[in-house]
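Please treat every number below as a calculation from the coordinates, not as lab data. Not measured: the values here are computed from a predicted model. Heads up, the Cβs are rebuilt from the backbone with ideal geometry, glycines too, and the neighbour counts pull from every protein chain shown.
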Amino acid sequence: MRIPFIAGNWKMNTTAAEAERLVLEMLEQLDRIEGVEKVICPPFVSLVGLSMMLQSSSIGLGAQNMYFETKGAYTGEVSPLMLRELCDFVILGHSERRWYFAETDEVVNKKVKTALTNRLKPILCIGERLEENETGKTEEVVSRQVTAGLNGIEPVSGLVIAYEPVWAIGTGKAASGKQAAATIQFIRDVVAKLWNKNIAQNIRILYGGSVTSANIAEFISHPEIDGALVGGASLNAEEFTSIVERTAEIKGRAK
Ligand code: PEP
């Protein structure tokens, strides 16, 4: 049984003071929700403060990126050794990193390897662009991204994959639940071939792209979809809490 998983990607939003206020707004209610793994991924500069605030809570922390070396002359980069004192998860290969910061599949693969070696759980993001979707290349693209992203890595069930069609991120145009579930099943089959069936069955695969409290049910009512990576809506305490609440209700009923 895979534990449902909801992560909030705050992207480059909130100062350290704003981040603490946002956590204070959601902490009590979110903390009480059982049966869903809840993770928030604030900017790097808030990880220290929030790791203290969330210490005795059921809410986990993740970073939004990291470098693939552990230390050295890499001005401005953040190492897995620094992150692992503060959080358990790290988002890797987000489409904004791939497209705005030219991260290739090879770079993402090095980051996934280094994260796992340093006991951080990667949330590996993959997804096709609009023109790839429209020309029927979705499966080819996600298959390439998963295969390259996991190249040379031993099977590990702690990895989380987020299927995020690029055209659905921040656009208000979410994929349909049916479409997302079919692609996620395809991704699970790719992992099964690459690693093995047992591990593929244990890995959580999320949907991401314009998820809100109004459409979360459409996704998590599909057994193939284990949760969501939420961007914009995770910056609103009420919205994020109700996304997690709906997930607990629907996945709890399906047990
Ligand atoms: C994301 O940043 O991973 C994301 C899915 O964003 P949004 O929910 O805003 O589309």
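Can you tell which of Asn198, Ile123, Ala233 lies farthest toward the positive end of the dipole of the range 5-250, using +1 and -1 charges on the Cβ of basic and acidic side chains (Lys, Arg; Asp, Glu)?
Asn198
Take each of the peptides 146-154, 132-140, 70-78, 198-206, average the number of other beta-carbon atoms within 10 Å over its residues, and list them starting from the highest.
Values: 146-154: 16.6, 132-140: 14.7, 70-78: 10.0, 198-206: 18.6.
Going from most to least packed, we get 198-206, 146-154, 132-140, 70-78.
Evaluate the distance, in nm, between pseudo-label points positioned 7 Å from the Cα of Phe101 and of Gln55 along their respective Cα→Cβ axes.
Each label point lies 7 Å from its Cα, and together they span 2.9 nm.
Hey, rough spin-label estimate for Glu34 and Thr135, points 7 angstrom out along Cα→Cβ, what's it come to in nanometres?
For Glu34 paired with Thr135, the spin-label model returns 5.1 nm.
Mind checking the full-extension length gain between Met1 and Ala148? Use 0.36 nm per residue of separation minus the Cα-Cα distance, one decimal, nm. Present the calculation step by step, with values, prior to reporting the outcome.
Values: separation 147, 0.36 × 147 = 52.92 nm, distance 2.71 nm.
Separation in residues times 0.36 nm, less the Cα-Cα distance, equals 50.2 nm.
Quick check for me: using +1 on Lys/Arg Cβ and -1 on Asp/Glu Cβ, what's the dipole size of the range 5-250 about its Cα centre, in debye to the nearest 20? Walk me through the numbers on the way to the answer.
Values: 23 positive and 31 negative charges, 123 e Å.
Once rounded to the nearest 20, the dipole reads 600 debye.
Quote the charge dipole size of the range 112-255 about the Cα centre in Debye, to the nearest 20; the model charges only the Cβ of Lys and Arg (+1) and of Asp and Glu (-1). Walk me through the intermediate numbers first.
On the way: 16 positive and 16 negative charges, 106 e Å.
It works out to roughly 500 debye.
Which log10 I(q)/I(0) values, to two decimals, does the range 1-129 give at q = 0.13 Å⁻¹ under the Debye formula with one point per Cα?
-0.54
Could you compute the net charge surrounding Gly62? Neighbours are other residues with a C-beta less than 12 Å from the C-beta of Gly62; K and R count +1, D and E count -1.
Values: positive: Lys38, Arg84, Lys121; negative: Glu37, Asp88.
In short, +1.
With point charges of +1 on the Cβ of Lys and Arg and -1 on the Cβ of Asp and Glu, referenced to the Cα centre of the range 16-126, which listed residue (Val23, Leu81, Ser57) lies farthest in the positive direction of the dipole?
Leu81
Once each part is reduced to its C-alpha centroid, what is the distance from the range 193-255 to the range 64-93 in angstrom?
26
Applying a 10 Å radius around every beta-carbon, put 158-170, 176-188, 34-46 in order of their mean neighbour count, most first.
Values: 158-170: 23.0, 176-188: 18.3, 34-46: 20.0.
Put in order of decreasing packing, that is 158-170, 34-46, 176-188.
Positive end of the charge dipole of the chain (Lys, Arg +1 and Asp, Glu -1 on Cβ, about the Cα centre): tell me which of His222, Gly152, Gly93 has its Cα farthest that way.
Gly152
I want to verify the translational diffusion coefficient of the range 5-250 in µm²/s; compute it with Stokes-Einstein, Rh as the Kirkwood radius over Cα pairs, at 10 °C and 1.306 mPa s. If you can, show how the numbers build up before the last one.
Numbers: Rh = 17.9 Å.
For the chosen part, D equals 89 µm²/s.
Which far-off residues, 5 or more places away or on another chain, put their amide H under 5 Å from the one on Phe5, with H placed in the peptide plane?
Long-range HN contacts for Phe5: Glu37, Gly227, Ala228.
Quick check: Cα centre of the range 106-160 to Cα centre of the range 3-51, how many Å?
Cα centroid of the range 106-160 versus Cα centroid of the range 3-51: 24 Å apart.
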